[in-house]
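Working notes, structure below.
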Ligand code: NDP
Ligand code: HSE
């Protein structure tokens with residue numbers, strides 16, 4: 001049988017990793033796929049740039065549309081990232097009846113509804129395992145392995161760069177900016193690293209996970225998104241003192257008639273497995289009604305871990321490319337005409353416990369005033385930390401752990417607290433997830 005010919009759009013970290021994995025494991029992979037898989041062409045803007053993979057047997061082109069249009073190319077693998085030209089290239093490939101594999105979570109989260117509709121119309125597959133949690137096959141788990149369950153909630157560390165930064169801050173007391181630079185050098189970070197540190201990348205991934213878990217359309221604009229840039233080394237240490245770790249979580253949960261979709265730093269009890277997922281590793285807990293909680297762990301970024309998912313998608317496509325399109329696994333797990341319009345809940349209705357950090361003037365009665373503002377909103381305090389002021393400093397940090405409360409009550413208390421003359425800066429809150 002003729003080999004399947006791949007056109008690779010992008011030869012950066014993941015593109016090079018994909019070439020290396022296919023070169024190294026080609027025989028094993030073709031035994032699985034049933035056909036040889038060959039990278040015939042690759043697009044790069046700068047063919048002279050040194051690559052992390054050999055390119056001698058690949059026809060390098062400088063025009064990505066030329067690659068997509070080439071009738072010899074059976075499957076287009078999009079590893080450029082971002083919105084444009086990735087979207088136009090993917091839509092053109094679909095228009096031409098070609099299957100697509102992509103690692104681009106931004107593309108799927110923002111344009112997936114349109115892309116999948118077009119792909120279904122043309123009878124082609126668009127696979128995107130590498131888009132969420134790097135090398136962990138979490139899309140396959142949700143779409144196929146847990147298909148018998150009603151998924152109740154998902155909580156995951158789904159950004160490798162952010163987890164790497166938080167781990168290095170905690171373990172080595174390293175500076176945020178310095179660790180970010182290292183993550184970029186290691187190929188973990190997005191082209192624009194604010195996507196990693198401000199939670200946008202995790203929100204893209206959560207959008208995809210929630211759609212597949214609950215059978216809802218992709219709705220990135222409804223995800224509450226908060227990054228890790230305000231987490232300080234002191235927060236990390238206070239959390240430890242209280243028996244918690246700070247992790248950047250993506251959470252999707254059925255709640256009443258709606259669904260919570262939120263990405264933010266979270267305190268997690270230190271005994272939880274998720275609290276001990278460190279460095280660039282990702283982990284996703286999925287709670288299904290039949291199976292209970294299940295945990296998936298692995299590298300969340302990097303060349304070959306991500307290539308592992310890209311190549312698995314290629315094998316899947318090759319295995320079923322000749323099958324009747326109606327009988328393939330649906331792109332978003334649920335049949336396209338059976339998606340639910342379940343509402344995404346506003347943050348005001350979310351209920352969690354909180355870690356609160358304040359900077360206050362060190363004088364009598366301040367602690368009592370703040371405790372009263374909290375009590376006025378029915379917020380009960382679980383723990384307080386107040387440290388001695390540093391020599392020469394008139395302000396002290398004040399840390400509270402609260403019991404569970406609706407976010408709107410905390411917002412009301414925050415407004416009162418921040419208007420107190422002894423409170424020197426806006427109160428910083430980190431939500432606390434017990435994950436039970
Ligand atoms: P890189 O920046 O390393 O590589 C991107 C490639 O695309 C390069 O070949 C680059 O060209 C080309 N490219 C970038 N921007 C443009 C543009 N505007 N027009 C044309 N070509 C462009 O990215 P990664 O390999 O890290 O990421 C690729 C995709 O995989 C992204 O969607 C990313 O989110 C996703 N991903 C990345 C992971 C990782 O660990 N890095 C993990 C999981 C997913 P040139 O060669 O000329 O520089
Ligand atoms: N920048 C992403 C991360 C790459 O650090 O998780 C993997 O999606």
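None of the figures in this text is laboratory data; all of them are computed from the coordinates on show. Here the structure is a predicted model, which means the values were calculated and not measured. Cβ: placed from backbone, ideal geometry, glycine included. Neighbour counts: every protein chain shown.
Between residue 335 and residue 376, what is the label-to-label distance in nm when each label sits 7 Å out along the Cα-to-Cβ direction?
With each label placed 7 Å out from Cα toward Cβ, I get 5.6 nm.
Go from 0 up to the bin containing the longest alpha carbon distance in the stretch 280-349, width 10 Å each, and give me the % of pairs per bin.
Reading the bins upward from 0: 14, 24, 40, 20, 2.
Among 316-322, 306-312, how do they line up from the highest to the lowest mean number of other beta-carbon atoms within 10 Å?
306-312, 316-322
Report, in degrees rounded to the nearest 10, the 0 to 90 angle that the Cα long axis of helix 160-172 makes with the longest principal axis of the chain.
It is inclined by approximately 40 degrees.
Taking the DSSP beta bridges in the stretch 139-299 as the whole, what percent of them are antiparallel, to the nearest 5?
95
Relative contact order for the chain: what percent, with Cα pairs under 8 Å and sequence separation of 6 or more? Provide the component values of the computation, followed by the final result.
Details: 904 pairs, mean separation 71.4, N = 436.
Computed value for the chain: 16 percent relative contact order.
For the stretch 281-436, max minus min Cα coordinate along each principal axis, in Å, sorted largest first?
Projected onto its principal axes, the Cα set of the stretch 281-436 covers 76, 37, 26 Å.
Could you please tell me the mean projected area of the C-alpha convex hull for the stretch 351-432, averaged over all directions and given in square nanometres to one decimal? Write down the numbers at each step before the final one.
Details: hull surface 19.3 nm².
For the Cα atoms of the stretch 351-432, the hull's average projected area reads 4.8 nm².
Given the alpha-carbon gyration tensor of the stretch 139-299, what are the semi-axes of its equivalent ellipsoid in whole angstrom, ordered largest first, with each equal to the square root of 5 times an eigenvalue?
They are 27, 17, 14 Å, listed largest first.
Which order, highest average first, do 336-349, 406-419 follow once you tally other Cβ atoms within 10 Å for each residue and take the mean per peptide?
Most protected by this proxy first, the peptides run 406-419, 336-349.
With contacts defined as alpha carbon pairs under 8 Å and 6 or more residues apart, what's the relative contact order of the stretch 351-432 in percent? Walk me through the numbers before you get to the answer.
Values: 146 pairs, mean separation 40.4, N = 82.
Relative contact order for the stretch 351-432 comes out at 49 percent.
Restricting to DSSP H runs of at least four residues, report the calculated mean residue ellipticity at 222 nm for the chain, -39500 (n - 2.57) per run over all residues, nearest 500 deg cm²/dmol.
Helix-only estimate at 222 nm: -10500 deg cm²/dmol.
How long is the gain from residue 428 to residue 24 if the chain were fully straight, where each residue apart is worth 0.36 nm and the alpha carbon distance is subtracted? Please report the intermediate quantities before stating the final value.
On the way: separation 404, 0.36 × 404 = 145.44 nm, distance 4.89 nm.
That pair, residue 428 and residue 24, stretches by 140.5 nm at full extension.
For the stretch 388-436, take the convex hull of the Cα atoms, compute a quarter of its surface area, and give me that in nm², please.
4.6
Tell me, what is the FRET efficiency for residue 32 and residue 147 to the nearest 0.05, using R0 = 35 angstrom and their Cβ-Cβ distance as r?
0.95
Any idea what angle helix 200-214 forms with the longest principal axis of the chain, computed on alpha-carbon atoms, 0 to 90 degrees, nearest 10?
70
Take the alpha-carbon positions of the chain, form their convex hull, and give its projected area averaged over all directions (one quarter of the hull surface) in nm².
22.4
Can you give the angle from 0 to 90° between the axis of helix 176-185 and the longest principal axis of the chain, with both taken from C-alpha atoms, to the nearest 10?
10
Among 145-156, 167-178, how do they line up by average Cβ neighbours within 10 Å per residue, starting with the highest?
145-156, 167-178
Whole Å is fine, so just give me how far the alpha carbon centre of the stretch 213-234 lies from that of the stretch 25-82.
Using only Cα atoms, the two centres lie 33 Å from each other.
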